[in-house]
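Quick notes on the structure that follows.
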Amino acid sequence: MNTKKYALTAAPLSLAVALTLASGQVSAEMQTETVEYEVNGETFTGYMAYDDEADGKRPGVLVVHEWWGHNEFAREQAEKLAAAGYTAFALDMYGSGKLAEHPEDAQQFMKEATGDMDQVKARFMAAKELLEKHDSVDSNKIAAQGYCFGGAVVLNMARLGVDLDAVVSYHGALGSPIEAEAGMVQPRIHVYTGGADQMVPSDQVSGLVKEMQDAEADLTLVSFPGVLHSFTNPGADKVAEEFDMPIAYNEDAAKRSWEGTMRLYEEVFNN
């Protein structure tokens, strides 16, 4: 395992970024790096995955974790994206070491992270800049996908006018104190939600559709009948049993939402 250290300065964000990269070879082609960086004096830990044998620069995809924090599931999504030909960065929205094992801790971490939308945007933009500056990435081709809490984060970045080619929300909250304005939403948006998700009720679904229509955004929304929250995560069933939560993995919904995401990326990055 190789360890590299270097520093970046991002003047537009007044951000000093210190990185420690622990690189490990997952397969003959895929490389992974654990990345430590700072935002406004606080340390965060992310995870970069890419194919170092692929020719030329390729699109980059940001992965935003569930409310539990930056965990193995988020890293696995980054590796799946790398295997599909992208460079992926599973970012950290909570801060290094903040990984919940109980819903009460997850709720507290999420509350702390989202109390200030300027803070949310600064953390997202710092990760976006790291991804854009990676040697393997075409900085003009960037997307973001998020799960649960992360799905809400990426939708809010679209609402705020962040320069992204595509945004994908998997079982994320759809309501927001931020309302998209006409002409502000730049990315194409895919939303995948469970039709039986008690955490994302039907009024949020219809509200998002109206909001995005009014904002003249390009929205595709898929609702899977009978599917519960956290349907992409195979670990959801164990959590549901342990904490009596209305969540469940659904293999078909997970497969179809991933395939839809791959089609979206092929379209936006190849145009």
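Readers should treat all values here as calculations from the given coordinates under stated rules, not as data from a laboratory. In this text, all values refer to a predicted model and were calculated from it rather than measured experimentally. As a convention, Cβ positions derive from the backbone with ideal geometry for all residues, glycine included, and neighbour counts pool all protein chains shown.
Computed quantities for the displayed model
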quantity	calculated
Centre separation in Å (Cα based) which lies between region 103-126 and region 174-250	19 Å
From the C-alpha gyration tensor of region 47-152, square roots of 5λ in Å	26, 15, 9
Between 0 and 90°, nearest 10: helix 117-132 axis offset from the chain longest Cα axis	50 degrees
Value of D in µm² per second that Stokes-Einstein yields for region 133-235, Kirkwood Rh from Cα pairs, at 4 °C (1.567 mPa s)	94 µm²/s
Fraction in percent of alpha-carbon pairs per bin - 10 Å, the chain	7, 31, 38, 20, 3, 0
Ranking of Glu79, Glu29 by count of other Cβ atoms within 10 Å, fewest first	Glu29, Glu79
Cβ-based exposure ranking for Asp163, Asp52, in which fewest neighbours within 10 Å come first	Asp163, Asp52
Nitroxide proxy distance, nm - points 7 Å out along Cα→Cβ at Gln198 and Glu266	3.8 nm
Farthest positive-ward along region 57-139 dipole, Cα basis, beta-carbon charges - from Gly85, Leu99, Gly69	Gly85
Candidates Gln186, Gln145, Gln108: whichever shows maximal mean-square fluctuation once the chain is modelled as a Gaussian network with Cα springs under 10 Å	Gln108
Zero-based 10 Å bins, Cα pair distances in region 142-195, whole percents	29, 58, 12, 0
The chain, helix-only ellipticity at 222 nm - DSSP H runs n ≥ 4, -39,500 (n - 2.57), divided by all residues, nearest 500	-11000 deg cm²/dmol
Relative exposure of Glu181, Glu216, judged by other C-beta atoms within 10 Å (fewest first)	Glu216, Glu181
Cα-based Lys pair tally, the chain, threshold under 14 Å, eight or more apart or on separate chains	6
